[in-house]
Structures are given as C-alpha cells and as structure tokens.
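One structure is given below, encoded as structure tokens.
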Amino acid sequence: MRQLFTLLTLCFTVLILPLSAGTKEEIIRLQSDILQLQDQIRVLQKNVDEKNGMIISLLEQLNDQAAEGNVGFQELVTATNAAKAQSSSLDRTVQSVQEELRVLSAKLDETNTRVAAVHRKLEENQVQIQSLRTVEQSVGDDIEPDRIYSATFNDYLMGNYALAVNGFQDFLANFPDSEYGDNAAYYLGDCYFKQGRLDLAIQAFEQVINLYPKGDKTAVAYYKKAQALQELQRLEQAIETLKALKQLFPNAPEAQLANDDLIKLGVE
Amino acid sequence: MKAKFLILLILLGSGFLQAQDPDAVIFPKPTPTRLAVADFTPKTSSTPDTQTALNVFNQVLLDDLKFSAFFELPSKSFYPLKPLRTPQDVIFENWQVPTLDIDFLAFGSVQVDATVTVVEAYVYDVKTRQQVIGKRYTIGDTTLIRRVAHEFADQVVYELSAGASQGVAKSRIAFSSLKGDSKEIWVMDYDGANGRQISFNGGINKFPEWSADNQMLVYVAKLPTVNRWQLFLHEVDGRPTEIEVTSSYVSSPAFARDGRVAFSSRTQSSREADIFIRPAGGGPARNITNARGIDTSPSWSPTGAQIAFISDRTGGPQVWVMDADGSNLRQLVTEGGHCDSPDWSPDGRFVLYSWQAPRQWKHDIYLAEVATGKLFQLTSGFGTNESPHWSPDGRHIAFQSTRTGTKQIFIMNADGRNLKQVTTYGINESPAWAPYVEANRLGQ
Amino acid sequence: MKRSLYALLVLLIAVTLMIGAGCKKKSTPIARAPVASTDEPSGPPPAVASPTVELNAAPTTIKRGEESKLSWKSTNADSIVIDNGVGNVATQGTVTVAPLESTTFTVTASNSGGQAKASARITVVRDEGPVEIIETDVQALQKAIDEGLVNPVYFAYDSAELSAEAKEILEENSKWFRRYPGARIIVEGHCDERGSEEYNLALGDRRSQSARDYLIQLGIPGDRLEGISYGEERPFVQGSNESAWSKNRRAHFVVR
C-alpha cells in the first residue's frame, strides 16, 4: 500500500515538476498555460491545412518534441518502478529522477517557446488573410516577446546554453525588430562562445555588428569576436578587430580591455 | 486626451520608481497546501525534561513551517482534542471536518531519557490516509532539539512542495554585530537562535559573505591597532587569514561559486574604489573596472559569469551589471537616487538591492529583473531597510531595518510578506544567508 | 489595456532615463592639475579662429630632485610659449622638468586671432625619508588638536570636493602639521548615516584622499599622512537631521 502511495507521489512529482526551479503554484499555472496553448493550436490547425508548409513543419517539430517528452515520461515511470524495488536507495533514485525531470522540463520549456512562436506565426497569417482592419490590433503586441526574451535570458544566466541558443534563435526569427533584438543576437553569440562553438560565435557577433551597428551591444560584440578569434589562434584578425573596436568605441569599457589584449598580443 | 494623460503620468512617474506589484510575478497564488501540525506529545512518560524539549520542538517546528510560505496552517483551536502520539492514534474523520479542511497532518512524539532523546515524526495525507513521512531522530542531548525540528520542517517542505524547495529551516545567517565596543562577525540559525561569534579582533568587522561550501566566510575589518581596512578569509571553525590588498580601503567582498573573490578596493595611486577579482586559488587580484567614480558591492550571478555592482560613474550610485572580465557593461537600474547592496538571486532572474529615492534618506528593498530591468518594491513605510540578501531557495529575503529602533535583522518572504525580526540585542547588520552546499544542491 | 499600460511603462522609463541623463551631477575629479582657459577676444570677430591649448603634468606631485613630464596640445596656434624657463615649443609635445620648488607652469598659445592659456601645477615635496617620530611633536600636535587649533573639514552631501572654506581650514591645519614634523597624522574620512553602508565606506575613503591630497599639495610629506575611511561607523553627532548629518560628513585629523 505504501509502495503504491510512493509510486503515486512520484508520478505526481513527475507531472508537476517540469520546472525544477518553480513553485508548485507556478507549475500549475504553467500547466494551464500549456493546456490553453494546446486548445489554441487545435483551433488553429484547421487553418494550417490551407496554409504554407513551413507551419506544418514547425508543428511536426512540435510533435517530435512532445513525443520525446512522452518517451522521457515512460523512462521516468520505469525508473520509478526500479526505485520502488529498492526502497533502501530510494533517496538516490529520487535524485536521478530529479535530474531526468530537469531534462524533461528543459524540453518542455523549449516546446513552450516553440508553441508560442507557432502561435504567433499563425496569428500573423490570420491577420493578413482577414482584413487590414485588424492591423491596428497587432500594433504594440510586445508583452509576449518580452516574456520570451526574459525566459530565454534566464536560461543563458543559469548556464543552460543549449536551451538559450534555441530560445534566442526563435526570438530573432520572430521578433527581430523588438527592443531586445540586438541583445538576443549578442547573447546568441555569447552562448556559442561559452559552448566553445567559436565559428558560430564569430558569425553571430558579426551579425550584431552588421545588423545593429549603433546598438548597445556592438562594442562588446567586437570584443567577444576578438576573444573567439584569439581562441582560434587567428591573431591577425583578432588584432584587426580589437583595433576597430578601439577606433569606433574609444569610450566603451571594452576599448580598455582591447588595449590590454593588444599589449598582451605584443602590438602596443 | 490620451496624450495629456501620458504627460501627467510621466510627470508623476519621473520622480518615483515605476515599481510593480511583486505578487503576480514572483508568487502567483493558486490554492496553497493546508497543513495541520498537531503538538508533539511525550512518547511514554511526561518528565519535566521531556516537557521542556517538547515546548521548544513544537514552537520551532510551527515557526519553521509558517515561515516556509508553502502552507496554510489552520488555527490550533479547531484541532481535535485527543493528543496524537503514533499513527494508530489518528482518527482521520476528526481531521476531515470543514473547519479544518486540511490536506496533510503532521504529528509525533518526543522522549527524553538519561542518555538519549528520541523524536518520532510523521506526516499523513488526510484524504488518502497514507503516510507521507515517517522519521525517527535520535540525539544524545536535548540541546540539539531545535536542530531536529528544523530537520523535520525541511523534510516536510521538501516532500509537500514536490521538491520545489529544500527548505531554509536548517540554514544559517552570518552578520555583523555591535555588542559593547566592537563590531564582530557572528553566525546564527536563520531564525536568530544559536548565535555564535566568529571574529574576536575587537575592531570593526563588516560585510560577511559565505563560500559555496559554507565552510568559509570572507569579510573586511578595521582592527583597533591597524590603520587600514583588511580583507579576511575565515574558516567558520578556524582562524582568519588576511588577503593582501593594494590600499588602506577594501570593502564588500563576495565569493563566486568556484572560489573567486570579488571585492572593492583601489590601488595606492588611484583615488577611487574599483572592483577587483582574486583568482580561486589565490594570487594577485585583477582590477576589472577602471572607470571614474566609486565601484563597490559586487555580487556574482549564480554561474559566476556576471557581476552586479554599484557604480556612481554617471552621478549617484546605481546598479550595474557586467561580465566577470569587465566587458558587456550596462546599467540595470536607472532611477536616480542611491542604490546599494545588490544581491543576485539563486535562480539568476532577479537582483535584489536597496534604494533611496532622491531627496529621501530612508532606503527600501527592491527587485530588478535582470533580463528586462523591471522593478518591484518589497518594503515600504517603516524605518530604513537596507542590505538585502536572498535565502538559498530564493523564496525569502534577509535584510537590516531600523523599523523597531536600532538596526536589526529581519527575514521575510520574497514578496514582502511574513516579516519576522530575528535579532534584538545590540546593533545588527549586513545579513548574509548561507547558500545551499553544492553537493546537496538538487539537480545540479 | 495591458498593452497600453506596457507602452506607458516603456515611455516612462525612457523619459525617466532622459530626465536622469539630463540631471546627471557633474562630479569634479579630484586633484586635477590642468586648468585650461581661453581668453575671449574683444572687439570684432577675428578673421582667424582663436587658438586653444591644453597642458598636463604627470605626476603632479614629485619629491625634490625627481622629474615630471609636461605635455601639451594646441589647435590653430602660431606660437606656443611655456613660462618658467621652458620657452618656445612646438604646437604639441612633451618636456621633462624638475623644479626644485612647487611651480605652476603656464602655456600661452597665440595667433593673429587671439591668445589662449593653460596651466598645470607641479607640487614638490621635500624628501625627508621615513618620518622620524619625535615624542614632543606628537604631544604638541595632540594639544593643538585638543585646543581646537587643528579643525576637521566638512563636505556637502555625497561629495568629496573641498569647498573654499575647507581649503582654508586645511591651510591653517598644515601650519600646525609643519610646525611639528615629528608627528604622523591620520586623515579620517567620515559620512552621515544617509547613504548605504558600502557606498559610504568608499565615499569616506574618497574624502580622506581628497583632504590628504590637498595637504600634500600644501607641502606636507605624504609619508606623514595616512588616510582611512570609517564610512558611517563613527558619527560626531547622533541624530537624523541635517544639523547632525552636516557635522558627520567630514575629514578629521588624529595624531598617530
């Protein structure tokens, strides 16, 4: 009987733990959010058939995610059963379940972001198809990018770079002109940098420099690009970048850092 | 019309902080878990020793669970009268009355014998009548009874919050305390009990912070016979070691999770405070802010990749954020007035700080969301409220306040509710709530 | 509704930012040597743009026998002259000088359109080696302090800038410090209770530095002056009003 209860508790835990850092209340809220979003998707799917293939492929991705989630859930149930068998090491198993839950919750987070993105795209299309009257309503709808950016940025802050890369990419694809556009582009580069994917990082920083030449992340994009180039031993290019930084942003704190680097590289 | 309204708002708003209600963001509030905590009873015989231990245990357990902010605790006056000792004593029907309407019931027994004290503690799900927790704690000495209550409270929080928090009942707070002539570093339980003096140099000791393993404190001190501020590392159970700095000024040190120490100091020739970082293994510290103005009060992001700090480079002291190499600098709070004591939340999302509005002299506690710079006010009204510090689970905040007269340490929920004063004697300031020890950190 | 609220919030923040940016206090850097000024040409506007010139000395305080470097930059100047024996120089450059006494160097840039001047002061302190503590000096200076002959200097809120009055007090104090060269002095920086703990510890340090720097400029050897901040730890006067606060924002002097 007690074992059954433990199983129930664990299943319960599995269900409500998708956000390891969140409170129970937040989780419940999140669940209702997900349910709402799923409802919306169901309605919108009717329109999807008539619409373009891009959306279908996005939805397929979504299904894949959900399937992955289900697999993860099955694994967890199995793990839970195994744990039940050895009640002496129950604590340790709970911890490993927790870890798997983190992975699962990460996937769910990702799914949520994608659901939001899909949702947004569908809405955009509908607005186009309907009439120009609705254009007014879509103006100023920037609460949502705000929330998505904020959640993704938190993944970045907590060192969940893989997750943050997905988030920033989605964000840039959907809201390139939001006030956080240059930030997202820069932090995407920094995620790659912290993951050691230096070529991608350089590309991303160049994008910041080219797309947002007057943004507040431009100087630091130069600096981080030079850092990545130094890691790759492409010193000539690094020096060039550092010099450009010094020249274009002489008053940025990164100019001082560039100076230190140039001295280290034996240039000045 | 709308334009006029806008202008009016701007005029009103420009002098004040555009703070939002923290509830909606930090603590969305669906139904909380309802928990009854029946008084623990003597297991066999009610000796005076057992009764004394029981009184302490029951009070501490109730206080811990109340403060945890996870539960609604119905008044004890609605409880059935029959004392509970073992699960066999529970008549569930009596606990399922509408006046109580509880989800869970905690109860148990304490027995103090000549050589050993035994606490048996249970939590039952009242609806399914299943046991959720059953624990037996054996201690040699009743002085540890508070510890057992804390241990059990954390267990209850952990189980009934489905792992959302490990609880803070076992956690400790370091602080700076003026008793008599000297201001020394002390450590106490989070609820103010078991205060213990750490430094004994007779000087002014300030700004303690914990290492990630809870074994070490870092703080600054002005010793009576030494005419400069010194930076000390201090094993909680050992002796202090000085870390050399380059001037007579050093302040507000902070440990990164990996052992790096950030602090505010200056070089002999520079005139103003900068942020320095000492490498984890020791060695010379590196100056990472070279700008004009005072830079102080560094606080690390959870991963140690970023630092929030205070700088007055553009006028008054404001909250700034940068990468730990000094790049990617940006101002997080741009409200004017004076900000200080930033503390980065364990979940990375917020920076807590104190703010003094322009032309005011009292400070209050605020939160800034790092991604967006959104601000939330947590305290208001009474006294000056400063030096905020997160609890390890990020659900509570410790700070110093003069609301009852002298500077004392208070704790509260991260939404500003559930305020509790935890020091009374002397002048007490700069609380530093110990982080969860890495090895025990779940899912890390 | 939510959207417009949000738009309002963004606008508010933006406006606050702009207001904030417009209101930034101009904090004057401490102990900056160069003072640049352009003489306004009188009469009709000149055909040629007036010259400008800047002069810097590094370091600004040297011991007797040491060198300091003067560097200058000018625009539109036909001729540049530096006084105190340096003479005619190029439109920009550096020169090394080793004055034996504290000296103000002035550079004059001129062309047909007018004249511009800038100056920099190099303070020369006598190198007396490590301070030799003389017990009678220590006692005499202590007595001077006890009798109120050596006074603290007071500062404005959130400022480490020396007022004209503060400079006068320091000049007066420096006479006593010079009279008893065998005493070492601690320059304590203090704050009122209003700022926060951490910031005040740094601000007290800035105040102590600021008073100490001025005393060095007045010729008191830096070796005799030790700076230390007490932040808000040691108020002169208890109380939460301006009369108490103004007495607590100070640098004061203690015989070591």
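The values are calculated or read from the model by the stated rules, or taken from the named source; none is laboratory data. Quantities reported herein were computed from a predicted structural model and do not represent experimental measurements. Every residue, glycine as well, gets a Cβ built from its backbone with ideal geometry; the counts of neighbours run over all protein chains shown. These accessible areas exclude ligands, DNA and RNA; they are computed on the full protein's heavy atoms, side chains included. Shrake-Rupley method; radii C 1.70, N 1.55, O 1.52, S 1.80 Å.
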- Between C:THR136 and C:GLU172, what is the label-to-label distance in nm when each label sits 7 Å out along the Cα-to-Cβ direction? 2.7 nm
- Message: Could you give the length gained by full extension between A:GLU268 and A:ARG29, i.e. 0.36 nm per residue of separation minus their alpha carbon distance, to one decimal place?
- Response: 80.3 nm
- Item | Cβ-defined net charge surrounding B:ASN55, 13 Å radius [Lys, Arg +1; Asp, Glu -1] | -2
- Message: Which one, B:TYR249, B:TYR425, B:TYR353, has the greatest fluctuation when you compute a Gaussian network model over chain B with C-alpha springs under 10 angstrom?
- Response: B:TYR425
- Nearest-ten-degree value, helix B:48-67 long axis tilted from longest Cα axis of chain B: 50 degrees
- Item | Sequence ranges B:259-272, B:277-290, ranked by mean other-Cβ count within 10 angstrom, highest first | B:259-272, B:277-290
- Item | Added length on full extension, which subtracts the Cα-Cα distance from 0.36 nm per residue, B:THR267 to B:THR372 | 34.3 nm
- Each residue of B:309-320 has, on average, a number of other protein chain C-beta atoms within 10 Å of its C-beta equal to 4
- Task: Output the pairs from B:LYS170/B:LYS222; B:LYS170/B:LYS374; B:LYS179/B:LYS222; A:LYS224/B:LYS374 with a Cα-Cα distance over 24 Å in this structure; if there are none, say none.
- Result: B:LYS170/B:LYS222; B:LYS170/B:LYS374; A:LYS224/B:LYS374
- Query: Tell me, what % of the accessible area of segment B:33-160 is carbon and sulfur with a 1.4 angstrom probe?
  - Reply: 52 percent
- Query: If r is the Cβ-Cβ distance from B:ARG136 to B:THR99 and R0 is 25 Å, what FRET efficiency results, to the nearest 0.05?
  - Reply: 0.20
- Task: Kindly compute the accessible surface that chains C and B hide from a 1.4 Å probe when together, both sides summed, and give it to the nearest 100 Å².
- Result: 4000 Å²
- Item | Burial ranking of peptide ranges B:80-92, C:138-150 (average Cβ count within 10 Å, highest at the top) | C:138-150, B:80-92
- Angle between the Cα long axis of helix B:2-14 and the longest principal axis of chain B, 0 to 90 degrees, nearest 10? 90 degrees
- Item | Rounded Å value of the spacing that divides the Cα centres of segment B:196-235 and segment B:317-343 | 25 Å
- Using Cα pairs closer than 8 Å and at least 6 residues apart in sequence, work out the relative contact order for segment B:216-278, in percent. 24 percent
- Note on the structure: So, with points 7 Å from each Cα along the Cβ direction, the A:GLU144-B:PHE382 label distance in nm works out to 4.5 nm
- Item | Cβ-derived FRET efficiency at R0 30 Å, B:THR246 paired with A:LEU235, nearest 0.05 | 0.40
- Query: Tell me, what is the FRET efficiency for C:GLN92 and B:GLU159 to the nearest 0.05, using R0 = 60 angstrom and their Cβ-Cβ distance as r?
  - Reply: 0.20
- Helix axis angle, B:145-160 relative to chain B longest principal axis, alpha carbon, degrees: 90 degrees
- For B:ILE427 paired with B:THR128, estimate the spin-label separation in nm (one decimal), with each label point 7 Å from Cα along the Cα-to-Cβ line. 5.5 nm
- Message: At 0.36 nm per residue, and after removing the present C-alpha to C-alpha distance, how many nm does the segment from C:ASP146 to C:LYS69 gain when stretched out fully?
- Response: 23.5 nm
- Mean per-residue count of partner chain Cβ within 10 Å for A:214-223 equals 2
- What does the charge add up to near B:ASP191, with Lys and Arg as +1, Asp and Glu as -1, over the other residues with Cβ less than 13 Å from its Cβ? +2
